[in-house]
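The values are calculated or read from the model by the stated rules, or taken from the named source; none is laboratory data. Note that this is a predicted model, so its numbers are computed, not measured. For neighbour counting, all protein chains shown are included, and Cβ atoms are generated from backbone atoms with ideal geometry for every residue, glycine included. Protein only, heavy atoms only, side chains kept; ligands, DNA and RNA dropped before computing areas. Shrake-Rupley method; radii C 1.70, N 1.55, O 1.52, S 1.80 Å.
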Protein chains: 2
Amino acid sequence: MQRAAALVGRRCGPGAPGPWGRRRSSAAAGASALQVRPARGRRERILTPESMNPQVKAVEYAVRGPIVLKAGEIELELQRGIKKPFTEVIRANIGDAQAMGQQPITFLRQVMALCTYPNLLDSPSFPEDAKKRARRILQACGGNSLGSYSASQGVNCIREDVAAYVTRRDGGVPADPDNIYLTTGASDGISTILKILVSGGGKSRTGVLIPIPQYPLYSAVISELDAIQVNYYLDEENCWALDVNELRRAVQEAKDHCNPKVLCIINPGNPTGQVQSRKCIEDVIHFAWEEKLFLLADEVYQDNVYSPDCRFHSFKKVLYEMGPEYSSNVELASFHSTSKGYMGECGYRGGYMEVINLHPEIKGQLVKLLSVRLCPPVSGQAAMDIVVNPPVPGEESYEQFHREKESVLGNLAAKAKLTEDLFNQVPGIHCNPLQGAMYAFPRIFIPGRAVEAAQAHEMAPDMFYCMKLLEETGICVVPGSGFGQREGTYHFRMTILPPVEKLKTVLQKVKDFHMTFLDKYA
Amino acid sequence: MQRAAALVGRRCGPGAPGPWGRRRSSAAAGASALQVRPARGRRERILTPESMNPQVKAVEYAVRGPIVLKAGEIELELQRGIKKPFTEVIRANIGDAQAMGQQPITFLRQVMALCTYPNLLDSPSFPEDAKKRARRILQACGGNSLGSYSASQGVNCIREDVAAYVTRRDGGVPADPDNIYLTTGASDGISTILKILVSGGGKSRTGVLIPIPQYPLYSAVISELDAIQVNYYLDEENCWALDVNELRRAVQEAKDHCNPKVLCIINPGNPTGQVQSRKCIEDVIHFAWEEKLFLLADEVYQDNVYSPDCRFHSFKKVLYEMGPEYSSNVELASFHSTSKGYMGECGYRGGYMEVINLHPEIKGQLVKLLSVRLCPPVSGQAAMDIVVNPPVPGEESYEQFHREKESVLGNLAAKAKLTEDLFNQVPGIHCNPLQGAMYAFPRIFIPGRAVEAAQAHEMAPDMFYCMKLLEETGICVVPGSGFGQREGTYHFRMTILPPVEKLKTVLQKVKDFHMTFLDKYA
């Protein structure tokens, strides 16, 4: 016990005299301390474009890139009263449903409000089924509050609800809550899994196969992680379908300079809108099995299928139905989100991933990595719960929920068809069917003289086109070069989220702009 | 126009015959396709502890580490009716106020509920000042909805409110909303800035100076980024104060093997609870200026100062008061959060960072990097707004808000004193004053025989101690080895968040455990 007593060092209460204990009570004290320090000149900055992380510098993210900055500038100019040939900027660059006027699903927001301010649980203005959901979520939260951290993997009962949803969706293929990880939107899940997967140096550096065109989260994260991007091209002539022969080509060529280890799939496609056939998914899974690739299935548009002849098939379900040698071997992570579908709750940053056949130790590593950021936003987790556990027939809120859901999805289907049809009436624009998701990615003809003009401005030709479109019409779309496209082809991505009358106006304006553009640079 | 027409490729509507267009309608179709594929044996996994990202593997995060996993196991055992010498696990490992029973600030949750479900704006049950805040936030959101993405840097009016708060806090030192970035908790801001800062290979790899003991987010992110961790030791004998001579030693030694470029400060300290004097902050800023270090000031406990002789001084304010050669030169990022203070809204993952003297191009790079993850949760941004823009005297909700705030902070101050006093009554425990934050980090004497027993279990001695404490009392605290400590010294971190009566019981149990432990291993 003597050694223990020796531990008690010099006590250092606030009044103690140590060099740091004395309190300076005024700014003047600071000033006097400075008098001994010589004046010096302006110092170079430490963090500069030259000294910064080169991987971060290399990141590109077109969906919020230069065209969107320009849109912001134009909005400010309009606010300042500067005259333009239009009165508002229409931000068709991003899949942000509620910003485009889509109303939130009432039931979801009722449950969220009840969770946020539990006094409302006594209010007669809220339906009982919403209260029941809210009570269940709160009971699973520390201190019965959305304000507590959750487990890093997410709130237990919400992971259970996700597993039950996946099981229903996949016609009974079992899902284990232990394989469900709630995330801060799908982007967070995708970048977390990629972060764990990337390793090796030189020719053994991890190669990540991504579709071209792709959603630029993938190329951005690959760049951040200094992994190797391996492109496989989707077949525009065939509705942007994935061709396994093209995958094979990409892997074979990549083996010369990296270790292709991860295959990313976006289905329904972003920006293409393509919905993969069951046969295609089988072929991809077989290929992943054969080539020893870890599968990432970005399935955030799983509720957004419009073509009557298309159906969403989850990679998980197809994997299981292909039999045990696949279902017990192929490593798969699939992603979903609150941001898309019919709820469009982008701001809550909710999402989940399901991992299949992950090495048990890797599951521990994943939880450890997630725990560094503590937990995903608990409000986003609650939103995810309502997405996977909506009102069912017989419940008080079912009818209204169903009506709201069908209205959103019905509108999107109508707008998908309208967009395809109108674009295809314009000479020099070709638009594949929008089978799903919420974007058109039409191919545009850009005349040689316009290509030259773009080069003179040091711009990609489709960036030049989109900038002109923005400046002349106020419509903000993203050039195809931000998603990737075959050399010499040009596209843009436009959301179909504006309300139908506004969308018609947008399409008409694009048409007029395009005709004038062709004339001008003919 | 002929070339334009040629663009229109083979149309590929859902009924088209291409190899991917044909729809397989049943699982059986998949099964038949498999018949041509030979059966193969069990495949090795692609993602294994050997093949995974070694930087991620090296990450440690003690606050949610093995001791917390063990706590979860014990909770399950208690639920299953297994008898223990205690009836509940007390999670004193993490600063999770509401999980420990702290009630949310009513006003904050009222505004959040109104933003979530705007129908409530018509309800007479909500005060007008809360409605005013909610309307202002919603007007600044796309489609007037929390469900839209915000700008990647955060909602404009919330950044303006943060800037106004910082200006008030710092006695008029100006803050520019353009320098404010809303984040997903402080952790997100810290890791984003570090991600931009890290560069170079070999001996020019970026070195990041962190205090020991530290909050393990820092070591974890440094490991993820493959940067070089440079330790500077806080002075336990002097209330865990920061000594610039020790900083100087650390930088000098680091220069042999890396490029020390970043200096991280945690004030008030986590886990130490130390509140830095103004003089200390001046010295640190001068040192950063001299040594060309980018300053990171983690100030999430800025509202948590309890010692009557201590005061929080922000690095920003001191920097400005030191005169233009500092204020126009030293690069600084400071961080705040909704999770700590008196509101304890951890689950919303709200936070902000303010950057000073950042290179203009780096600001663009930062926005680009943030835009890849789209935006911080908008609900967390709204929570941050209420933290920086609470009710003021004269407003309807002021009195209740003020009462709730003072109650939380008064309780924490009382518990800080209680904890220090009770720990210091225990032979073999020495606890510095808890000047701020929400943790005690007492030094514990571990007898030689206990150290040997720990070694036999391949555990750090303080991990062994904390495991025994957990197993015998149900109290979950984090070993000092998870935060770093001088070789041969042992500590643990315990939150002071349990309600006062429970905290007294906890402290008594720790005392009893400690005495028995000393006896047993004497």
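The single residue among B:Phe513, B:Phe517, B:Phe492 that is assigned to a strand (DSSP E or B) and either assigned by TED's automatic domain parsing to the domain that holds B:Asn270 or in contact (Cβ under 8 Å) with a residue 24 or more places away in the chain (or both) turns out to be B:Phe492.
Hey, can you tell me all the residues within the stretch B:477-502 that are among the basic types (Lys, Arg), open to solvent by 20 Å² or more (accessible area, probe 1.4 Å) and under 23 Å from B:Met459 (Cα atoms)? Before you say what the answer is, go through the steps one by one.
Looking only at the stretch B:477-502, we keep the residues that are among the basic types (Lys, Arg), and these are B:486, B:493, B:502.
If we keep only those that are open to solvent by 20 Å² or more (accessible area, probe 1.4 Å) too, we end up with B:486, B:502.
Of everything in the stretch B:477-502, just one residue is among the basic types (Lys, Arg), open to solvent by 20 Å² or more (accessible area, probe 1.4 Å) and under 23 Å from B:Met459 (Cα atoms), namely B:Arg486.
Of everything in the stretch A:386-407 that is part of a helix (DSSP H, G or I) and within 14 Å of chain B (Cβ to nearest Cβ), the residue that is surrounded by the most Cβ atoms within 10 Å (Cβ to Cβ) is A:Ile386.
Identify, please: which residue in the stretch A:169-216 is in a strand (DSSP E or B) and among the hydroxyl-bearing types (Ser, Thr, Tyr) and is, among those, nearest to the other protein chains (Cβ to nearest Cβ)? Outline the logic, then answer.
From the stretch A:169-216, those in a strand (DSSP E or B) are A:180-183, A:206-212; that's our starting set.
The next check asks that each one be among the hydroxyl-bearing types (Ser, Thr, Tyr); those that pass are A:181, A:183, A:206.
Working: A:Tyr181: 14, A:Thr183: 11, A:Thr206: 8 Å.
The residue in question is A:Thr206.
For residues that are outside any helix (DSSP H, G or I) and out of contact with any strand residue (DSSP E or B) (no Cβ under 9 Å at 6 or more places or on another chain), scanning just the stretch B:130-150, find the one that is farthest from A:Tyr348 (Cα to Cα). Walk me through it before giving the result.
Within the stretch B:130-150, the subset outside any helix (DSSP H, G or I) is B:140-141, B:145-150.
Still in the running and out of contact with any strand residue (DSSP E or B) (no Cβ under 9 Å at 6 or more places or on another chain): B:140-141, B:145-149.
Working: B:Ala140: 16, B:Cys141: 13, B:Ser145: 10, B:Leu146: 7, B:Gly147: 6, B:Ser148: 8, B:Tyr149: 8 Å.
Once the filter is applied, the top-ranked residue is B:Ala140.
Quick one: which of A:Glu471, A:Glu420, A:Glu487, A:Glu501 is over 29 Å from B:Val372 (Cα atoms) and either outside any strand (DSSP E or B) or modelled with pLDDT under 95 (or both)? When all the criteria are applied, what remains is A:Glu501. Residues of the stretch A:349-381 that are farther than 26 Å from B:Glu60 by Cβ, assigned to a helix (DSSP H, G or I) and in contact with a Leu (Cβ under 7 Å, 6 or more places away or on another chain): A:Ser379 alone.
Considering only residues of the stretch B:268-306 that are in a loop (DSSP other than H, G, I, E, B) and charged (D, E, K, R), which is farthest from B:Asn329 (Cα to Cα)? Quick ask: steps written out before the conclusion?
If we filter the stretch B:268-306 for residues that are in a loop (DSSP other than H, G, I, E, B), which is where we start, we get B:268-277, B:292-293, B:299-304, B:306.
From the residues that got through so far, the ones that are charged (D, E, K, R) too are B:292, B:299, B:303.
Values: B:Lys292: 10, B:Glu299: 21, B:Asp303: 27 Å.
This residue is B:Asp303.
Of the listed requirements (1) open to solvent by 10 Å² or more (accessible area, probe 1.4 Å); (2) more than 11 Å from chain B (Cβ to nearest Cβ), A:Ala151 misses just one: (2). Every listed requirement among (1) surrounded by fewer than 24 Cβ atoms within 10 Å (Cβ to Cβ); (2) more than 17 Å from A:Ile158 (Cβ to Cβ) is met by A:Gly341 save one, (2).
Return the residues of the stretch A:309-328 that are facing chain B (nearest Cβ under 7 Å) and within 22 Å of A:Gly273 (Cα to Cα); say none if nothing qualifies. Residues satisfying the conditions are A:Asp309, A:Cys310, A:Val318. Evaluation of A:Asp309 against the conditions (1) in a helix (DSSP H, G or I); (2) open to solvent by 10 Å² or more (accessible area, probe 1.4 Å); (3) of a type in the set (D, E, K, R) shows that the sole unmet condition is (1).
Looking at the stretch A:81-118, which of the residues that are assigned to a helix (DSSP H, G or I) and over 21 Å from A:Val378 (Cα atoms) is nearest to the other protein chains (Cβ to nearest Cβ)?
It comes out as A:Ala99.
Restricting the stretch B:415-437 to residues that are out of contact with any Gly (no Cβ under 9 Å at 6 or more places or on another chain) and under 17 Å from B:Gly95 (Cα atoms), the residue that is farthest from the other protein chains (Cβ to nearest Cβ) is B:Lys415. Of the listed requirements (1) part of a loop (DSSP other than H, G, I, E, B); (2) under 25 Å from the mean Cα position of the chain (by Cα); (3) more than 29 Å from B:Leu470 (Cβ to Cβ), B:Phe126 misses just one: (2).
Looking at the stretch A:217-230, which of the residues that are of a type in the set (Gly, Ala, Ser) and in a helix (DSSP H, G or I) is nearest to A:Asn53 (Cα to Cα)? Residue satisfying both the conditions and the ranking: A:Ser223.
Regarding the stretch B:251-267, can at least one residue be identified that is in a loop (DSSP other than H, G, I, E, B), within 20 Å of B:Leu412 (Cα to Cα) and either in contact with a Gly (Cβ under 6 Å, 6 or more places away or on another chain) or more than 7 Å from chain A (Cβ to nearest Cβ) (or both)?
If we filter the stretch B:251-267 for residues that are in a loop (DSSP other than H, G, I, E, B), which is where we start, we get B:255-258, B:267.
This time we only want the ones that are within 20 Å of B:Leu412 (Cα to Cα), so: B:267.
Filter once more, keeping what is either in contact with a Gly (Cβ under 6 Å, 6 or more places away or on another chain) or more than 7 Å from chain A (Cβ to nearest Cβ) (or both): B:267.
There is at least one residue in the stretch B:251-267 that is in a loop (DSSP other than H, G, I, E, B), within 20 Å of B:Leu412 (Cα to Cα) and either in contact with a Gly (Cβ under 6 Å, 6 or more places away or on another chain) or more than 7 Å from chain A (Cβ to nearest Cβ) (or both).
Test B:Met459 against the criterion of being more than 30 Å from B:Gly341 (Cβ to Cβ) and aliphatic (A, V, I, L, M), and give yes or no. Spelling it out, B:Met459 is indeed more than 30 Å from B:Gly341 (Cβ to Cβ) and aliphatic (A, V, I, L, M).
Inspect the stretch A:309-318 for any residue being in contact (Cβ under 8 Å) with a residue 12 or more places away in the chain and either closer than 29 Å to A:Glu487 by Cα or among the acidic types (Asp, Glu) (or both) and give the result as yes or no. The answer is no, given that none of the residues of the stretch A:309-318 is in contact (Cβ under 8 Å) with a residue 12 or more places away in the chain and either closer than 29 Å to A:Glu487 by Cα or among the acidic types (Asp, Glu) (or both).
For the residues A:Leu121, A:Leu78, the requirement of being more than 9 Å from chain B (Cβ to nearest Cβ) and within 30 Å of A:Pro66 (Cβ to Cβ) singles out A:Leu78. Annotation for the stretch B:450-467: no member residue is in the same structural domain as B:Pro66 (by TED's automatic domain parsing), among the β-branched types (Val, Ile, Thr) and touching a residue at least 24 places away in the same chain (Cβ under 8 Å). In the stretch A:456-476, the residue that is surrounded by the most Cβ atoms within 10 Å (Cβ to Cβ) out of those that are more than 26 Å from the chain's Cα centre (by Cα) and of a type in the set (Asp, Glu) is A:Glu472.
Here B:Asp283 passes the criteria (1) in contact (Cβ under 8 Å) with a residue 24 or more places away in the chain; (2) within 14 Å of B:Ile356 (Cα to Cα); (3) not polar (S, T, N, Q) except the one numbered (2).
Name every residue in the stretch A:415-425 that is of a type in the set (A, V, I, L, M) and either open to solvent by less than 40 Å² (accessible area, probe 1.4 Å) or within 15 Å of A:Ala437 (Cβ to Cβ) (or both), in order of residue number. Listed by number, the residues that qualify are A:Ala416, A:Leu418.
The lone criterion from (1) open to solvent by 10 Å² or more (accessible area, probe 1.4 Å); (2) touching a residue at least 12 places away in the same chain (Cβ under 8 Å); (3) facing chain B (nearest Cβ under 8 Å); (4) closer than 29 Å to A:Gln229 by Cβ left unmet by A:Val56 is number (1).
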